[in-house]
Amino acid sequence: MNAPTDLPAAARDDDPTALFHRQRAAFVIDPVPDLSVRRDRLSRLVQIVDEHERDFIAAVDEDFGHRSAHETRLAELYIVAAEARHAMRHLPRWMRPRRVRTPWHLLPASASIVSQPRGVVGVISPWNYPIQLALAPVVAALAAGNRVMLKPSEFTPATSGLLAQLVAGRFSNDEFAVVTGGAALGEAFASLPFDHLFFTGSTAVGRRVAVAAAANLTPVTLELGGKSPALLAGDADLKHAVPRLVVGKLLNAGQTCIAPDYALVPQARIDAFIAEVTASVRALYPEPSVNPDYSSIINAHHHARLTALIDDARSKGARIVTLDDAPARGRGYPRRLAPTLIVGVTDDMAIMREEIFGPLLPVEAYSTLDDAIARINARPHPLALYWFGNDRTERARVLRETQAGGVTINDTLWHFAHEGLPFGGVGESGSGSYHGVYGFATFSNAKPVFVQARYAPARLLYPPYGRMFERVLALLRKRNG
């Protein structure tokens, strides 16, 4: 696609300010792209993902030291392509102005809501899913008709570099551009006067991004994290529940923002739970230190951080259960950390105060449902909550009396994959949401349009005020009282 000829000189790929102004100028020229343009942009994004599957798998594997190719295909490439194809199918309905019923006292006027692009959108993405969490927000922003700038993580240089290369080959940089660099560039990026800024990452960094955006009054969507609980009810079938919990915990070696961060287990079932987790790990991830289906920790810093969490918990009285049935014989994958249960945790342990982002699962005993709910509510609202059980009354109570960004019942993670559900946090786990139509809405300005009739009763409320004004106001109060 050729760039308009009256735009500023071509922006360098490493100059976010110049790219921003180029995209701003392009948006002014074409502020509301039509359906065919939006579908074309999404189609090009799908082509990048579909045609370069092997390249993406290799890049992510290089960045992690080892990442299961199956996990990359499912949790990264499939989700991005599915999200884009879902948007292409539903865009005609999403873009259509929506009629709004007009109340009797405003008749015969009419009203509607028109969705318009916000303008130039910034996306800052994390390292743990360096394709999916980069491109899924981009899908929503492009579907809504925006220009997009993406700043991927510096912790995944191979994947970020590949994204920049492939996007530059398919998109004009006034449509969609990728800028790569470290923390200094990230700070400059967050300080640009975007029309919307989307950030996925830690709560601590999210606060800094929100402060930078506030200087420009830029609206932000923050997809953060927190400690997502898995609550096992007294009647939960452990043989069914635990393998689902283990898969949700150990996907990407636990480096998932909605991974279960701790398990709340009835006191009387702790030993049975440990035995079932042990059996499930051995069945799903035998010999994890050398198993190709089990991913490595992203870098040495995070590996050391996770090891320190184990050491801190052990020093404060926790029982450490390491679930590696065959420690590495000779050379294994780098930065492997075995699935580990931390049993008997207390609030003074660092592992119960920090988001884990690794294959460590604290196990916390509870006595009653009141006790379990109180423990969840004493902590910041999580990004996800998981409940395993069969009692519908208990389930309804947990849903009613706790807050979380999203919930999956009798499994983990799957609410994220449902294109008809919004995904986002609450409180310290984030603000705003995306996926499907909710992403389209996030990156759109819902503009209300009120069309007044030629003969409108509103004239009865015009000055000079007198007896007619009082009669009409009294009628309005009576009808709406």
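See the values below:
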item: Count of residues meeting criterion [among the small types (Gly, Ala, Ser) and in a helix (DSSP H, G or I)] in segment 456-477; result: 2
item: Residues being without any contact (Cβ under 8 Å) to a residue 24 or more places away in the chain, within 21 Å of SER296 (Cβ to Cβ) and of a type outside the set (A, V, I, L, M, F, W, C) - total across segment 69-83; result: 1
item: The listed residue being assigned to a strand (DSSP E or B), of a type in the set (Val, Ile, Thr), modelled with pLDDT of 95 or more and touching a Pro at 6+ places or on another chain (Cβ under 9 Å), out of VAL437, VAL449; result: VAL449
item: Residue match in segment 246-263 (condition: under 16 Å from LEU369 (Cβ atoms), surrounded by 24 or more Cβ atoms within 10 Å (Cβ to Cβ), at pLDDT 95 or above and assigned by TED's automatic domain parsing to the domain that holds ARG395); result: yes
item: Given (1) aromatic (Phe, Trp, Tyr); (2) within 19 Å of the chain's Cα centre (by Cα); (3) crowded, with 21+ Cβ neighbours inside 10 Å; (4) more than 18 Å from GLY226 (Cα to Cα), number of the condition PHE388 does not satisfy; result: (2)
item: Members of segment 272-290 that are part of a helix (DSSP H, G or I) and surrounded by fewer than 18 Cβ atoms within 10 Å (Cβ to Cβ); result: ALA272, ALA275, THR278, ALA279, ARG282, ALA283, LEU284
item: Residue ID - farthest from ARG353 (Cα to Cα), chosen from residues in segment 291-309 that are of a type in the set (Gly, Ala, Ser) and part of a helix (DSSP H, G or I); result: ALA300
item: Complete set of residues in segment 25-45 that are buried (at least 17 other Cβ atoms within 10 Å of the Cβ) and without any contact (Cβ under 8 Å) to a residue 40 or more places away in the chain; result: none
item: Some residue of segment 48-58 being touching a Phe, Trp or Tyr at 6+ places or on another chain (Cβ under 6 Å) and hydrophobic (A, V, I, L, M, F, W, C); result: no
item: Subset of segment 155-165 that is out of contact with any strand residue (DSSP E or B) (no Cβ under 6 Å at 6 or more places or on another chain) and small (Gly, Ala, Ser) - its residue that is surrounded by the fewest Cβ atoms within 10 Å (Cβ to Cβ); result: GLY161
item: Flag if GLU401 is within 29 Å of GLY436 (Cβ to Cβ), more than 21 Å from the chain's Cα centre (by Cα) and surrounded by fewer than 18 Cβ atoms within 10 Å (Cβ to Cβ); result: yes
item: Enumerated helices (runs of 4 or more DSSP H) restricted to segment 56-154, each holding at least 2 residues that are surrounded by 24 or more Cβ atoms within 10 Å (Cβ to Cβ); result: 79-95, 132-143
item: So ALA396, is it of a type in the set (Gly, Ala, Ser) and either farther than 27 Å from ALA204 by Cα or surrounded by fewer than 18 Cβ atoms within 10 Å (Cβ to Cβ) (or both); result: yes
item: Subset of segment 214-232 (residues that are of a type in the set (Gly, Ala, Ser) and either surrounded by fewer than 21 Cβ atoms within 10 Å (Cβ to Cβ) or farther than 15 Å from VAL265 by Cβ (or both)); result: ALA214, ALA215, GLY225, GLY226, SER228
item: Number of the condition not met by TYR434 [criteria: (1) over 30 Å from PHE64 (Cα atoms); (2) within 23 Å of the chain's Cα centre (by Cα); (3) surrounded by 18 or more Cβ atoms within 10 Å (Cβ to Cβ)]; result: (1)
item: Breaking point among (1) at pLDDT 95 or above; (2) surrounded by fewer than 24 Cβ atoms within 10 Å (Cβ to Cβ), for VAL179; result: (2)
item: Selection from segment 46-55 of residues that are without any contact (Cβ under 8 Å) to a residue 60 or more places away in the chain and surrounded by fewer than 15 Cβ atoms within 10 Å (Cβ to Cβ); result: ASP50, GLU51, ARG54
item: Single match in ARG335, ARG353 (criterion: crowded, with 16+ Cβ neighbours inside 10 Å and among the charged types (D, E, K, R)); result: ARG335
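This table checks each residue for (1) of a type in the set (Lys, Arg); (2) on the phi < 0 side of the Ramachandran plot.
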| position | (1), (2) |
| --- | --- |
| LEU421 | no, yes |
| GLY425 | no, yes |
| GLY432 | no, no |
| TYR438 | no, yes |
| ARG454 | yes, yes |
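The values are calculated or read from the model by the stated rules, or taken from the named source; none is laboratory data. Computed from a predicted structure; not experimentally measured. Cβ sites come from the backbone with ideal geometry, for glycine too, and all protein chains shown count toward neighbours.
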